[in-house]
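Below is one structure; the comments refer to it alone.
The values are calculated or read from the model by the stated rules, or taken from the named source; none is laboratory data. Note that the coordinates shown come from a computational prediction; the quantities given were computed from them, not determined experimentally. Cβ placement follows ideal geometry from the backbone for every residue including glycine, while neighbour counts extend to all protein chains displayed. The accessibility values were calculated without ligands, DNA or RNA, using every heavy atom of the protein model including side chains. Shrake-Rupley method; radii C 1.70, N 1.55, O 1.52, S 1.80 Å.
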Amino acid sequence: GTTPPPDSAMLIQLAALKAAGRPFYLAAVLVRYRRETDQDEGQLAAMLGCGIEGLPKLALCRAPEADAAGFRHEIEQIAAFAGVRASALAQILRFVGALEALRAALPETDGLLAARDRDDGAPSEPEEPR
């Protein structure tokens, strides 16, 4: 038997999965948002006002730059194309953008946490002279 050719929805979904590893695409933003907010695809789709089947089409759109002059216009164009709520898409992009800015602004957080864990609030003992 021969395998039927893949339908366009399946091809779009496969392309969206591949795009998730590339920051150029909204796929990477959506994956990061879902990971940080612990949401599944159904919750994300509900927030965006679309069905789960609409997420791959959105994921393949180019991610607009948050500081670009035409950010709002781009969001509205993407939302109209993908059939999602522009306000929810803007909220997701700003959330992920803020996380990335915070991560870039902070030094290695593991070191900060380790230093905080060592400090139990008690005055430290002076070291003995050698």
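Do we have Ala86 as under 19 Å from the mean Cα position of the chain (by Cα), at pLDDT 95 or above and over 16 Å from Ala28 (Cβ atoms) here?
Taking the combined requirement at face value, the residue satisfies it.
Check Pro107, Pro126 and return the single one that is at pLDDT below 95, more than 23 Å from Arg32 (Cβ to Cβ) and part of a loop (DSSP other than H, G, I, E, B). If you could, list the steps in order and put the result at the bottom.
Values: Pro107 fails: more than 23 Å from Arg32 (Cβ to Cβ).
Of the residues listed, the single one that is at pLDDT below 95, more than 23 Å from Arg32 (Cβ to Cβ) and part of a loop (DSSP other than H, G, I, E, B) is Pro126.
In region 1-52, which helices (runs of 4 or more DSSP H) lie fully inside it and hold 1 or more residues that are buried (at least 17 other Cβ atoms within 10 Å of the Cβ) and modelled with pLDDT of 90 or more?
Values: elements: 8-19, 26-37, 41-48.
Hits in region 1-52: 26-37, 41-48.
Return the total of residues in region 65-82 being open to solvent by less than 60 Å² (accessible area, probe 1.4 Å) and at pLDDT 90 or above. Can you show your working first?
The initial filter retains those residues of region 65-82 that are open to solvent by less than 60 Å² (accessible area, probe 1.4 Å), namely 68, 70-71, 74-75, 78-79, 82.
Retained after the next criterion (residues that are at pLDDT 90 or above): 74-75, 78-79, 82.
Adding up the residues that qualify gives 5.
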